[in-house]
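The values are calculated or read from the model by the stated rules, or taken from the named source; none is laboratory data. These figures come from a predicted structure and were not determined experimentally. Only protein heavy atoms, including side chains, enter the accessible area calculation; ligands, DNA and RNA are left aside. Shrake-Rupley method; radii C 1.70, N 1.55, O 1.52, S 1.80 Å.
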Amino acid sequence: MTGRVEAVVFDVLETLLDLDPLGARLEEVGQPASVLGPFFMRFQRDAMALTLAGDVADFTRTARQSLRTETKQALSDTDIDYVMGASPAFKPSPMHSPRCASSPRPGSRSAV
């Protein structure tokens with residue numbers, strides 16, 4: 001690649017961020033950590049479908065409903081709040097930590 005990089009785009013979920021805290025919280029509310037994969041795929045699919053249909057895919061509402069559906073309505077609203085509350089605990093995966101710590105060059109744009 002030659003020339004100056006004008007923009008950098010990150011696919012953050014599951015690529016840069018470690019989602020294991022969600023799996024741990026699922027177990028704490030009585031669900032197997034293995035629900036994380038299907039929940040995440042459902043969430044991505046639903047958010048993409050809403051966006052492609054021209055609707056605004058509200059991140060929180062879409063994620064909550066995906067979790068509710070994937071757990072077959074087994075979680076209370078309090079349980080869902082607890083599981084979804086793991087997001088502040090997300091940390092960059094070890095492979096990407098050095099890249100996340102460095103800032104884009106002045107004048108470049110980034111998107112997540």
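List of remarks:
- If you go through region 57-79 and keep only what is at pLDDT below 95 and open to solvent by 60 Å² or more (accessible area, probe 1.4 Å), you end up with Asp58, Phe59, Thr60, Arg61.
- When residues of region 39-56 are limited to those that are over 17 Å from Gly23 (Cα atoms) and of a type in the set (D, E, K, R), the one modelled with the lowest pLDDT: Asp55
- Residues that are on the phi > 0 side of the Ramachandran plot and modelled with pLDDT of 65 or more do not occur anywhere in region 90-111.
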